[in-house]
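Presented below is the structure to which this report refers.
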Amino acid sequence: MRDGNDASEPAAAEQCATLAGDLRWFAIQTRSRHEKRVTAGLREKAVEVYLPLSSADHQWSDRRKVVELPLFPGYVFVKIAHEAPARVPVLQTDGVLGFLGVRGVGVPIPDEEIATIQTVLREKIPVEPHPFVQVGEKVRICGGSLDGLEGLLTGMEGKKNLVVSIDLIERSVAIRISGFRVVPVSAGPQRTCQTENGRRVLAVQ
């Protein structure tokens, strides 16, 4: 004899699958110097979490050591469903202050913004903090390990940088792009980055 709830099981399973397939990135704010602790706690709960880290040399009186520090201090990123139940285990994690967004609900971050940061760090490209910017010529790198990477082209003291940002937290980092070839994003889709024929491709000096 089948249980009366069996009929609802396929629908529930389908709903869970739908939620699992609709995951978005969100920024959460942490207590000061709790980024790594929060990341570990979320991983224990099987929550997909991303903490961008950058390497820095620290000099003590008796030794020197390379340490990994949060690229965006006070922030960790999680990839979860937008529904309220998915936020509960995150908010219950020690060190989490809340989601960034309207009334603490959280605002999804475009996948490409997270992917850009992941690419830069994966390729071990040196980065440095940069004032948050929203104005400038948006360009795309052509070729090499950063092929397709987009950001704002800026110049400071004669040096060209590509600035990439996470708009929600208003944080930016700069990448030195001397020697890279770039094309204005306005030139068209990413595939046009592979050719100079009829496109304005710039060689950054």
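In table form, for the structure just shown:
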quantity: 20 Å Cα-Cα threshold exceeded, pairs from K79/K138; K65/K159; K45/K124; K45/K65; K36/K65; calculated: K79/K138; K65/K159; K45/K124; K45/K65
quantity: Loop-resident sites, the stretch 52-107, for chymotrypsin sites (Phe, Trp or Tyr not before Pro), counting at most 15 other Cβ within 10 Å (DSSP); calculated: W60
quantity: Karplus-derived HN-Hα couplings along the stretch 138-145 (A = 6.51, B = -1.76, C = 1.60, θ = phi - 60°), whole Hz, x at Gly and Pro; calculated: 7, 10, 10, 6, 10, x, x, 5
quantity: Long-range HN-HN contacts of Y75 with modeled amide H, under 5 Å; calculated: T30
quantity: Backbone N within the stretch 76-90 under 17 Å of label point (7 Å from F132 Cα along the Cβ vector); calculated: 76-77
quantity: For the stretch 69-82, 3J(HN,Hα) per residue [Karplus equation, 6.51 cos²θ - 1.76 cosθ + 1.60, θ = phi - 60°, Hz, x = Gly/Pro]; calculated: 10, x, 5, 10, x, x, 9, 9, 10, 10, 10, 9, 6, 6
quantity: Peptides ranked, highest mean first, by Cβ atoms within 10 Å: ranges 118-131, 170-183, 31-44; calculated: 170-183, 31-44, 118-131
quantity: Cβ-based net charge around K79, under 11 Å, with every Lys or Arg adding one and every Asp or Glu removing one; calculated: -2
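Computed from the coordinates by the stated procedures, all read-outs in this text should not be read as laboratory data. This one's a predicted model, so the numbers in the text were calculated from it and none came from an experiment. Cβ: placed from backbone, ideal geometry, glycine included. Neighbour counts: every protein chain shown.
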